[in-house]
Amino acid sequence: EKGNHRHFMAKEMHEQPEVVSHTLAHYLDLAAETVLLEADLPFDFTGLERISIAACGTAYYAGLIAKYWFEQIARLPVEIDVASEFRYREAPLPKNGLAIVISQSGETADTLASLRYARQEGQKVMAVINVPTSTIARESDAVMPTLAGPEIGVASTKAFTCQLATLAAVAVAAGRARGVLTPERERELVRALIEVPRLMNEALRLGPQIEVLARSFAKSQDVLYLGRATSYPLALEGALKLKEISYIHAEGYAAGELKHGPIALIDEKMPVVVIAPHDQVFDKTMSNMQEVAARGGRIVLLTDARGAAEAGIETEATLVLPEMHPFVTPLVYAIPIQLIAYHTAVQMGTDVDQPRNLAKSVTVE
Ligand code: M6R
């Protein structure tokens, strides 16, 4: 079932252009370049006061990216927490509130408990779910399926990018419903989404370059990931992915937090992965990268041709991605992030699909 791939994770990474394309086709009118949310939603985006998101692990990072989208595109305030905290926090929730839970399996115990808490507090619950028959799907008011197909590898890859595709479409739908988006702006965002599968295919071509890079990553004790805006949650996701399958300690940080602590870690041994598409925060991220370079840090830069030309700093490696609308960068930059973890783990000789101590679905707290 792995086809000609060595691991399920490799197969699932390479399926992403196709499954993201399916997922997008479910939520977008490709010809009219608009969003369509087929489900009759049991709530109205216009009257919403706030969204509360709860999820675990990689699904939580998808939610953190969606927070930026809902706030920018739909001007909707979002609070987000890991489900294990949300369920016990006794957070007061607004009268007119929507809770969004995100889960590949739909069986994660803490996420299910968060859903139940939110419902009990009078929230409508929308679930972004990959397994439509799951408990979370059954107990939610609205189900937004991700069409990733079965994900076997413990490290979530295609479920993550399909969650992002779904949440991006929902954010655009919310922006439209709330009168924030003009029809032209909606078309611009939808067109950007339609480009994603092609951009992902291009990003997958970085495989051989990343395979070489992984040899030096495999010798590292620690790796730091930095990013701003939606590249910040991606930095967290990159660190999680590396930890879980290669067992190398890794941390993700908002690049602006560097001088509030983690800069003390910089030396000539630790790779620093800087996620910096040429977007509205590019210059800020570059000044953080300069701070790393000034301390002899080993920089691996993920950017596009324009970013590479403007970076002006010597890096250990620069992975050049295609240029794209800043809205969709997390979907495409997820690919090199996954490939780095994958090839490093293969170098280390770990069990990529079944990493130690981990289960695919965490049904106990
Ligand atoms: O099935 P879920 O999406 O609810 O699972 C949530 C996390 O357990 C999951 O994303 C976990 O962090 C993955 N192993 C990450 O690769």
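The values are calculated or read from the model by the stated rules, or taken from the named source; none is laboratory data. Predicted model, so just to flag it, every value in this text is computed and none were measured. Here Cβ is always computed from backbone atoms with ideal geometry, including for glycine, and neighbour counts include all displayed protein chains. Each accessible area value is taken on the protein alone, full model and side chains, heavy atoms only, with ligands, DNA and RNA left out. Shrake-Rupley method; radii C 1.70, N 1.55, O 1.52, S 1.80 Å.
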(request) Would you list the P(r) distribution for segment 118-257, with all Cα-Cα distances sorted into 10 Å bins from 0 and each bin expressed as a whole %? (result) 10, 26, 36, 22, 6, 0
(request) Using a 1.4 angstrom probe, figure out how much accessible area segment 1-56 has per residue, in square angstrom, rounded to the nearest whole. (result) 49 Å²
(message) Apply the a/c threshold of 1.5 to the C-alpha gyration tensor of segment 231-331 and tell me whether it is rounded, prolate or oblate.
(response) oblate
(message) I'd like the FRET efficiency for Q221 and K259, computed as 1/(1 + (r/R0)^6) with the beta carbon distance as r and R0 of 22 Å, rounded to 0.05.
(response) 0.50
(request) Search the structure for amide H atoms under 5 Å from the amide H of L181, placed 1.01 Å from N in the peptide plane, and list their residues when 5 or more places away or on another chain. (result) R176
(request) Over the residues of the chain, compute the C-alpha Rg and express it relative to 2.2 N^0.38 Å. (result) 0.95
(request) Convert each backbone phi in segment 104-120 into a coupling constant with the Karplus relation 6.51 cos²θ - 1.76 cosθ + 1.60 (shift: θ = phi - 60°), then list the ³J(HN,Hα) values in order as whole Hz, x for Gly and Pro. (result) 5, 6, x, 10, 4, 4, 5, 5, 5, 5, 5, 4, 5, 4, 4, 5, 4
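Using R₀ = 41 Å, calculate the FRET efficiency as 1/(1 + (r/R₀)^6) where r is the Cβ-Cβ separation of L36 and K2; round to 0.05.
On the way: r = 35 Å, r/R0 = 0.85.
Calculated transfer efficiency: 0.75.
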(request) Rounded to whole Hz and in sequence order, give me ³J(HN,Hα) for segment 337-346 from the Karplus expression 6.51 cos²θ - 1.76 cosθ + 1.60, θ = phi - 60°, writing x for Gly and Pro. (result) 4, 5, 5, 4, 5, 4, 5, 5, 5, 4
(request) Normalising by the residue count of segment 295-337, find the relative contact order in percent from Cα pairs under 8 Å and 6+ residues apart. (result) 39 percent
(message) Just to be sure I understand the model, the point goes 7 Å from the Cα along the line to the Cβ. What's the resulting R205 to R89 distance in nm?
(response) 4.3 nm
(request) For I80, list long-range residues whose amide hydrogen, built 1.01 Å from N in the peptide plane, is under 5 Å from its own amide hydrogen. (result) I53
(request) Please identify, among T58, T111, T34, the residue showing maximal mean-square fluctuation in a Gaussian network model of the chain using a 10 angstrom Cα cutoff. (result) T34
(request) Note the full-extension length gain between E49 and Y247 as 0.36 nm times their separation in residues minus their Cα-Cα distance, in nm to one decimal. (result) 67.1 nm
(message) Starting from 0.36 nm per residue, how many nanometres of slack lie between R75 and I194 once their C-alpha separation is accounted for?
(response) 40.6 nm
(request) Note the count of lysine pairs whose C-alpha atoms are less than 22 angstrom apart in segment 186-304, limited to pairs 8 or more residues apart or on different chains. (result) 7
